[in-house]
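Structure record follows, encoded as structure tokens.
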Amino acid sequence: MIKSFKIQPSLLIVDDSIRDMETLVSALAEYRLFTATNSLQALTIAVNVQPDLILLSIRLPEMDGYETCRQLKQQIDTQHIPVIFVTELNNEEHETRGFSVGAVDYITKPINPNIVRARVTAQLQLKAHCDRLALTADTDMLTGIPNRRHFETVVQNEWNRALRYDKPLSLIMVDVDHFKRYNDHYGHAAGDKCLKAIANSFVSTIRRASDMVARLGGEEFVCLLPEVPQEQAINLAEQILLSIRDLGIAHADSPVADHVTVSLGLATLNLNQHTTWQNLLQQADVALYQAKHEGRNRLIVDQQLS
């Protein structure tokens with residue numbers, strides 16, 4: 001019989017007291033543990049490891065726990081990680097300040113291992129529940145890929161990053177050719193199966209962790225390509241076009257081909273033309289419309305880059 005192994009949650013413990021660190025590590029040995037003795041280490045580990053929970057001392061060298069927590073909550077990569085303060089500062093004023101900078105709980109020293117384990121378990125359970133809700137809210141239920149809501153959150157962040165660091169950003173709009181005819185001819189169950197196959201093909205083609213494909217609605221998809229210049233994005237779009245053709249999904253009622261095809265429109269960030277990510281998306285959509293107007297089953301590239 002094959003055993004399944006569950007990955008234990010990861011915790012980051014931040015404390016410059018060797019004795020308190022040893023007590024916490026011993027009490028929480030069942031989890032995957034990372035440790036830091038100052039705030040700079042903690043911030044770096046939090047970004048790189050993405051722990052499920054942080055136990056943070058308030059009295060730290062150079063930067064105290066309050067400021068560390070505040071910075072964690074300001075960064076997109078770490079703002080979702082719950083923080084529990086573990087400290088000897090146990091009056092109401094300090095506790096209130098801890099919650100005001102974003103902590104979810106407050107444990108006082110001397111450390112009681114049973115209390116620590118109970119508080120950690122409760123916060124991990126709450127986080128797991130919130131993560132499941134967030135995943136459901138951000139996922140297209142039919143295809144299992146991100147939905148429009150999640151795309152709009154991610155593209156805004158990537159837009160800001162592209163402007164801040166002067167990086168390229170490309171978008172590919174994808175539309176399934178004559179999908180209404182497909183549904184009318186084969187039925188909606190077959191149509192759903194077709195969209196799932198297309199979504200899976202996108203995921204297989206777009207392999208970088210930073211890239212993203214989302215379903216905007218109906219038979220329309222979008223590919224978000226951070227730090228990808230136009231020429232590289234064109235190559236990827238052409239791969240997408242071929243990968244859908246290679247699925248070989250029959251489409252007897254299509255005037256384009258005897259199999260399912262897609263049309264694509266591509267636009268790459270040009271600060272002279274695109275003032276918002278919505279404008280960039282619109283230009284990709286205009287290119288998509290041109291691809292459909294010229295006969296479908298093709299890629300059209302927005303020419304405003306030069």
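The values are calculated or read from the model by the stated rules, or taken from the named source; none is laboratory data. Model, not experiment: these values are computed from the prediction. Methodologically, a virtual Cβ is constructed for each residue, glycine included, from the backbone with ideal geometry; neighbour enumeration extends over all protein chains shown.
Do you know which residues across region 34-66 are in contact with a Pro (Cβ under 9 Å, 6 or more places away or on another chain) and not in a loop (DSSP other than H, G, I, E, B)?
Within region 34-66, the subset in contact with a Pro (Cβ under 9 Å, 6 or more places away or on another chain) is 34, 37-39, 45, 51-54.
Hits for region 34-66 are Phe34, Ser39, Ile45, Leu53, Ile54.
Given (1) surrounded by 17 or more Cβ atoms within 10 Å (Cβ to Cβ); (2) modelled with pLDDT of 95 or more; (3) under 28 Å from the mean Cα position of the chain (by Cα), identify the lone condition not met by His274.
(2)
Report, by residue number, each residue of region 201-217 that is loosely packed, with under 15 Cβ neighbours inside 10 Å and touching a Leu at 6+ places or on another chain (Cβ under 9 Å).
Those that are loosely packed, with under 15 Cβ neighbours inside 10 Å and touching a Leu at 6+ places or on another chain (Cβ under 9 Å): Arg208, Ser210.
Give me the residue from region 126-158 that is in contact with a His (Cβ under 9 Å, 6 or more places away or on another chain) and part of a helix (DSSP H, G or I) and, out of that set, farthest from Ile240 (Cα to Cα).
Lys127
Can you tell me which residue within region 224-238, out of those that are surrounded by fewer than 18 Cβ atoms within 10 Å (Cβ to Cβ) and not acidic (Asp, Glu), is nearest to Trp159 (Cα to Cα)?
Kept after step one, since they are surrounded by fewer than 18 Cβ atoms within 10 Å (Cβ to Cβ), are these residues of region 224-238: 227, 229, 231-232, 235, 238.
With not acidic (Asp, Glu) added as a condition, the list becomes 229, 232, 235.
Values: Pro229: 14, Gln232: 18, Asn235: 22 Å.
Restricting to residues being surrounded by fewer than 18 Cβ atoms within 10 Å (Cβ to Cβ) and not acidic (Asp, Glu), the top hit is Pro229.
Given the conditions (1) farther than 16 Å from Trp159 by Cβ; (2) touching a residue at least 24 places away in the same chain (Cβ under 8 Å); (3) not in a loop (DSSP other than H, G, I, E, B), and given that Leu280 satisfies all but one, which numbered condition is not satisfied?
(1)
Has region 240-252 got at least one residue that is modelled with pLDDT of 95 or more, buried (at least 20 other Cβ atoms within 10 Å of the Cβ) and not aliphatic (A, V, I, L, M)?
Scanning region 240-252, I find at least one residue that is modelled with pLDDT of 95 or more, buried (at least 20 other Cβ atoms within 10 Å of the Cβ) and not aliphatic (A, V, I, L, M), so the answer is yes.
Within region 129-147, track down each residue that is more than 12 Å from Met212 (Cβ to Cβ) and in contact (Cβ under 8 Å) with a residue 24 or more places away in the chain. First the steps, then the outcome.
Step one: list which residues in region 129-147 are more than 12 Å from Met212 (Cβ to Cβ), which gives 129-137, 139-144.
Selection gives Asp140, Leu142, Thr143, Gly144.
Out of all the residues in region 75-113, which are in contact (Cβ under 8 Å) with a residue 12 or more places away in the chain and either in a helix (DSSP H, G or I) or not assigned by TED's automatic domain parsing to the domain that holds Leu40 (or both)?
His94, Arg97, Gly98, Pro113
On the given criteria, is His293 surrounded by fewer than 15 Cβ atoms within 10 Å (Cβ to Cβ), over 25 Å from the mean Cα position of the chain (by Cα) and either within 26 Å of Tyr182 (Cα to Cα) or modelled with pLDDT of 95 or more (or both)? Outline the logic, then answer.
Values: surrounded by fewer than 15 Cβ atoms within 10 Å (Cβ to Cβ): yes; over 25 Å from the mean Cα position of the chain (by Cα): yes; either within 26 Å of Tyr182 (Cα to Cα) or modelled with pLDDT of 95 or more (or both): yes.
Against the criterion (surrounded by fewer than 15 Cβ atoms within 10 Å (Cβ to Cβ), over 25 Å from the mean Cα position of the chain (by Cα) and either within 26 Å of Tyr182 (Cα to Cα) or modelled with pLDDT of 95 or more (or both)), His293 qualifies.
For Thr78, indicate whether it is exposed (fewer than 13 other Cβ atoms within 10 Å of the Cβ) and either at pLDDT 95 or above or β-branched (Val, Ile, Thr) (or both).
No: the conditions fail for Thr78.
Can you tell me which residue among Thr44, Thr121, Thr68, Thr35 is within 25 Å of Gln8 (Cβ to Cβ), crowded, with 20+ Cβ neighbours inside 10 Å and out of contact with any Cys (no Cβ under 8 Å at 6 or more places or on another chain)? Reasoning before the result, please.
Values: Thr44 fails: crowded, with 20+ Cβ neighbours inside 10 Å; Thr121 fails: crowded, with 20+ Cβ neighbours inside 10 Å; Thr35 fails: crowded, with 20+ Cβ neighbours inside 10 Å.
Every option except Thr68 fails the conditions.
Taking the residues in region 296-306 that are in a strand (DSSP E or B) and in contact with an Asp or Glu (Cβ under 8 Å, 6 or more places away or on another chain) as candidates, determine which candidate is surrounded by the fewest Cβ atoms within 10 Å (Cβ to Cβ).
Initial filter on region 296-306 (in a strand (DSSP E or B)): 299-301.
Remaining after also requiring in contact with an Asp or Glu (Cβ under 8 Å, 6 or more places away or on another chain): 299-300.
Details: Leu299: 20, Ile300: 22.
Among residues in region 296-306 that are in a strand (DSSP E or B) and in contact with an Asp or Glu (Cβ under 8 Å, 6 or more places away or on another chain), the one surrounded by the fewest Cβ atoms within 10 Å (Cβ to Cβ) is Leu299.
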